Ligand code: E4P
């Protein structure tokens, strides 16, 4: 199972990368907006520079999302984003226009992350459009009293049935239990906020056990 970090914050990306368990990064316009210090002067060139900085930190896939709505615009923006670094994966929304853009870009060897996916039918379309990753948003489904992880189970089953090679990237992860269930279901990737990555390592018995070991280690002299 691959772990991506779901952030555009360079400090968080560096910290997660230093742990040695990071396989990639996902960003979206909202995550980028969070790290912009001067919104009146943040240009498209600044956005591309920021994606390049992320690629310099992490040697794995970095999703950069298009900010346009028509297929033609997404294709042109997707080509531009893909030219930033060989690890850039172009994120396109699962709309009819997005599908056309995905089909075109994936046909030209540009890797695609199909985003804003909320149903099994959308996931089937993403696979048929040649997306490398499909991003079902589990947390946002949970938010509206719909079982987000049930969608992951459906997509994993459907992709196995037809041997689709599109990887299931569990997105909108809110807590460690999403990661546990994704792993049990056999999802390929989870993209996880930094805070939740930290929570994955935490256990109170580890803390109390270590405390006891450190106290008892005092018996060992001359270290
Ligand atoms: C990542 O690819 C998604 O854009 C992200 O996980 C969405 O998360 P949110 O629902 O917490 O905004």
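The values are calculated or read from the model by the stated rules, or taken from the named source; none is laboratory data. It should be emphasised that the depicted structure is a prediction, and the values quoted were computed from it without experimental measurement. Here Cβ is always computed from backbone atoms with ideal geometry, including for glycine, and neighbour counts include all displayed protein chains.
Could you check how many residues of the range 150-178 are more than 10 Å from the ligand (Cβ to nearest atom) and crowded, with 20+ Cβ neighbours inside 10 Å? Step through it out loud before you land on a result.
Of all residues in the range 150-178, those more than 10 Å from the ligand (Cβ to nearest atom) come to 150-168, 175-178.
Remaining after also requiring crowded, with 20+ Cβ neighbours inside 10 Å: 151-152, 155, 159, 166, 168, 178.
Summing the residues that are more than 10 Å from the ligand (Cβ to nearest atom) and crowded, with 20+ Cβ neighbours inside 10 Å in the range 150-178 gives 7.
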Determine whether the range 14-29 contains at least one residue that is in contact with a helix residue (DSSP H, G or I) (Cβ under 8 Å, 6 or more places away or on another chain), in a strand (DSSP E or B) and within 14 Å of the ligand (Cβ to nearest atom). yes
Would you mind stating whether residue 159 is out of contact with any helix residue (DSSP H, G or I) (no Cβ under 8 Å at 6 or more places or on another chain) and closer than 16 Å to residue 2 by Cβ? no
Would it be correct to say that residue 124 is modelled with pLDDT of 95 or more and either near the ligand (Cβ under 10 Å from one of its atoms) or out of contact with any strand residue (DSSP E or B) (no Cβ under 8 Å at 6 or more places or on another chain) (or both)? yes
Which of (1) closer than 21 Å to residue 26 by Cα; (2) surrounded by 15 or more Cβ atoms within 10 Å (Cβ to Cβ); (3) without any contact (Cβ under 8 Å) to a residue 40 or more places away in the chain is the odd one out, the single condition residue 182 does not satisfy? (3)
